[in-house]
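**Student:** I'd like to ask some things about the structure below.
The values are calculated or read from the model by the stated rules, or taken from the named source; none is laboratory data. This is a predicted model, so every value here is computed, not measured. Cβ coordinates were reconstructed from backbone atoms using ideal geometry, including for glycine residues, and neighbour counts include every protein chain displayed.
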Amino acid sequence: MVIGGGGREHAIVKKLKENQSVTELYCLPGNGGIARDAICVGIAAVDLDGILAFAKENKIDYAVVAPDDPLALGAVDLLEKAGIPCFGPRKDAAVIEASKVFAKELMKRHGIPTARYETFDDMAAALAYLKTVPMPTVVKADGLALGKGVIIAQTLPEAEAAVRAMMADHRFGKSGERIVVEEFLEGPEISVLSFTDGKTIIPMISSMDHKRAGEGDTGLNTGGMGTVAPNPYYTPDVAQRCMEEIFLPTVRSMADEGRPFKGCLYFGLMLTKDGPKVIEYNCRFGDPETQVVLPLLKTDLLTVMQAVTEERLADCPVVFSDAASACVIMASQGYPGAYEKGYSITIPADLEAEVYVAGAKEKDGRLVTSGGRVLGVTAVAEDLPAALARAYEAVDRIHFDHAYFRRDIGKRALAAKEN
Ligand code: AMP
Ligand code: GLY
């Protein structure tokens, strides 16, 4: 049973299906595209009672909880108590994503490199502090805010407006009652997903997200408009520093503090001139990072997940292909703002790419758009230029009205390679 219903979950479902022992696969709630690969059941990812009842009734052998909300609500704790083994952190470990204040303080306690910061639950104190820091500065809501709770303020008035929006106008609800104000860091970003059983950590292949809606990294922040893997900035040197200064200390400190993290721990890193620093932790697979990382995983995914659950990851080899992959997100025009939906999607049968469905539903036997991010089109090839060419070739043959996608996914990665 896979909990969730986006492109990430589609990629997880497709990978789990490669294991011959997976004979019955459910996705809650799934979507119109996932329904072609798993039995989708209309139970929301945050309906923990509904999920538990379904799991018991259907004698689920193994559960994968993919999104942040059910993890933060304690879905894994609940399922485990009912005797159902799970992939995903318990609530007390999911807090590493669910509270930015927790994450920042953890890093401070254990000397893990990150942006300098202060936390506030009092608006007057936050506003006074802003007057003392250089601009640009970064204002973050403490809690989960659908990736929108981060504001990079170029000027003092912008920073003050961000603090007021969070703390006085409650733009992010309870998530903004506490805030973090942190130093603005510069450098290329790297996403590293990892498997960890609380003791051992095995990083997956690195990737690069493209968070802004517009080409040339302009416009609003989105959930992610495309990804490539591997990330050329993640050299063996950087990887070793990350392992020593960030990955191992994070896993050890969580275990030492009595909240071992088991599942997929996601490191959002920035490669600054002083070395790699943590921008954020996520307690789950990234979306759309998963759509480029899992296609390169050669080891059976279920086998690795079960090794994590059973805390024997040290004995489980995890092997990635040395190919490259690229994922282009096809979104509804207007996303991340308002957009129209209900448009019919045409996907040719002979594409040389995987299509992971994020925001589409089945209507009269056809797939129609139903969300902001609609499809993730992933191609794998011997190198990044070939993977990108193949992904865009597929994108150009897929059709739905008012489709929007970036033409420049991978451009920065290609430029980095040439330097
Ligand atoms: P987060 O939700 O924390 O990942 O933040 C979203 C995006 O904001 C990140 O991917 C970065 O591009 C940017 N960001 C967050 N924190 C900082 C920072 N301290 N300095 C510069 N950019 C940041
Ligand atoms: N792609 C960024 C995330 O999953 O949070």
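**Student:** Return the pairs, sorted by first residue and then second, in which the second residue is more than 8 Å from ligand 2 (Cβ to nearest atom) and of a type in the set (Ser, Thr, Tyr), the first residue lies in the stretch 268-294 and is within 17 Å of Pro188 (Cα to Cα), the beta carbons are less than 7 Å apart, and the residues are 6+ apart or on different chains.
**Tutor:** Every condition considered, the pairs that remain are Leu271/Tyr233; Lys277/Thr114; Val278/Thr114; Glu289/Ser207.
**Student:** Taking the stretch 311-342, which residues are surrounded by fewer than 13 Cβ atoms within 10 Å (Cβ to Cβ) and among the acidic types (Asp, Glu)?
**Tutor:** Asp315, Asp322, Glu340
**Student:** Still on this structure: Could you tell me whether the stretch 271-284 includes any residue that is buried (at least 23 other Cβ atoms within 10 Å of the Cβ), part of a loop (DSSP other than H, G, I, E, B) and within 16 Å of ligand 1 (Cβ to nearest atom)?
**Tutor:** yes
**Student:** Which of the residues belonging to the stretch 221-263 are among the small types (Gly, Ala, Ser), part of a strand (DSSP E or B) and under 25 Å from Lys417 (Cα atoms)?
**Tutor:** Within the stretch 221-263, Gly226, Ala229 meet the criteria.
**Student:** If I ask for residues that are hydrophobic (A, V, I, L, M, F, W, C) and either touching a Ser or Thr at 6+ places or on another chain (Cβ under 8 Å) or assigned to a helix (DSSP H, G or I) (or both), which ones from the stretch 1-40 would you list?
**Tutor:** Listed by number, the residues that qualify are Ala11, Ile12, Val13, Leu16, Ile34, Ala35.
Results for (1) acidic (Asp, Glu); (2) within 16 Å of ligand 2 (Cβ to nearest atom); (3) at pLDDT 95 or above, shown as yes or no for each residue.
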| residue | (1), (2), (3) |
| --- | --- |
| Asp92 | yes, no, yes |
| Leu106 | no, no, yes |
| His110 | no, no, yes |
| Phe120 | no, no, no |
| Gly143 | no, yes, no |
| Ile151 | no, no, no |
| Thr155 | no, no, yes |
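**Student:** Within the stretch 17-65, track down each residue that is among the polar types (S, T, N, Q) and farther than 27 Å from Gly371 by Cα.
**Tutor:** Matches in the stretch 17-65: Asn19, Gln20, Ser21, Thr23, Asn58.
**Student:** For the stretch 186-237, name all the residues that are of a type in the set (Val, Ile, Thr) and more than 23 Å from Glu382 (Cβ to Cβ).
**Tutor:** Of everything in the stretch 186-237, those that are of a type in the set (Val, Ile, Thr) and more than 23 Å from Glu382 (Cβ to Cβ) turn out to be Thr196, Thr200, Ile201, Ile202, Thr218, Thr222.
**Student:** Six or more apart or on different chains, Cβ atoms under 6 Å: show the pairs whose first residue is in the stretch 200-216 and within 30 Å of Val308 (Cα to Cα) and of a type in the set (Gly, Ala, Ser) and whose second is away from ligand 1 (no atom under 15 Å from the Cβ) and not in a loop (DSSP other than H, G, I, E, B).
**Tutor:** The qualifying pairs are Ser207/Ala229; Ser207/Val292; Ser207/Val293.
**Student:** Residue under question is Val181, and the condition is that it be within 13 Å of ligand 1 (Cβ to nearest atom), outside any helix (DSSP H, G or I) and either modelled with pLDDT of 95 or more or crowded, with 18+ Cβ neighbours inside 10 Å (or both); does it hold?
**Tutor:** Yes.
**Student:** Could you please find all residues in the stretch 374-390 being more than 18 Å from Ser321 (Cα to Cα) and surrounded by 24 or more Cβ atoms within 10 Å (Cβ to Cβ)?
**Tutor:** Val374, Leu375, Gly376, Val377
**Student:** Tally the residues that are under 29 Å from Asp287 (Cβ atoms), out of contact with any Gly (no Cβ under 9 Å at 6 or more places or on another chain) and of a type in the set (Gly, Ala, Ser), restricting the search to the stretch 108-158.
**Tutor:** Selection size over the stretch 108-158: 2.
**Student:** Something else: Please determine whether any residue of the stretch 202-219 is small (Gly, Ala, Ser), touching a Ser or Thr at 6+ places or on another chain (Cβ under 9 Å), part of a loop (DSSP other than H, G, I, E, B) and buried (at least 22 other Cβ atoms within 10 Å of the Cβ).
**Tutor:** Looking through the stretch 202-219, at least one residue is small (Gly, Ala, Ser), touching a Ser or Thr at 6+ places or on another chain (Cβ under 9 Å), part of a loop (DSSP other than H, G, I, E, B) and buried (at least 22 other Cβ atoms within 10 Å of the Cβ).
**Student:** While we're on this one: Taking the stretch 119-160 as the region of interest, how many residues are among the hydroxyl-bearing types (Ser, Thr, Tyr) and within 12 Å of ligand 1 (Cβ to nearest atom)?
**Tutor:** 1
**Student:** Also, I was wondering about something else. Which members of the stretch 163-211 meet the condition of being touching a Pro at 6+ places or on another chain (Cβ under 6 Å) and either among the polar types (S, T, N, Q) or at negative phi (or both)?
**Tutor:** Listed by number, the residues that qualify are Phe184, Val192, Ser194, Ile205, Ser206.
**Student:** In the stretch 218-233, which residue that is over 18 Å from Ala386 (Cα atoms) and in contact (Cβ under 8 Å) with a residue 24 or more places away in the chain is nearest to ligand 2 (Cβ to nearest atom)?
**Tutor:** Gly224
**Student:** Does the stretch 25-69 hold any residues that are free of Cβ contacts under 8 Å to residues at least 24 places away in the same chain and among the acidic types (Asp, Glu), and which are they?
**Tutor:** Within the stretch 25-69, Asp47, Asp49, Glu57 qualify.
**Student:** Among Ala103, Ala94, Ala159, which is the only one that is over 19 Å from the mean Cα position of the chain (by Cα), assigned to a helix (DSSP H, G or I) and of a type outside the set (Phe, Trp, Tyr)?
**Tutor:** Only one candidate qualifies: Ala159.
**Student:** Among the residues of the stretch 230-265, which ones are hydroxyl-bearing (Ser, Thr, Tyr) and surrounded by fewer than 23 Cβ atoms within 10 Å (Cβ to Cβ)?
**Tutor:** Across the stretch 230-265, the qualifying residues are Tyr233, Thr235, Ser253.
**Student:** A follow-up question, please. Is it the case that the stretch 135-143 has a residue that's in contact with a Leu (Cβ under 9 Å, 6 or more places away or on another chain) and charged (D, E, K, R)?
**Tutor:** no
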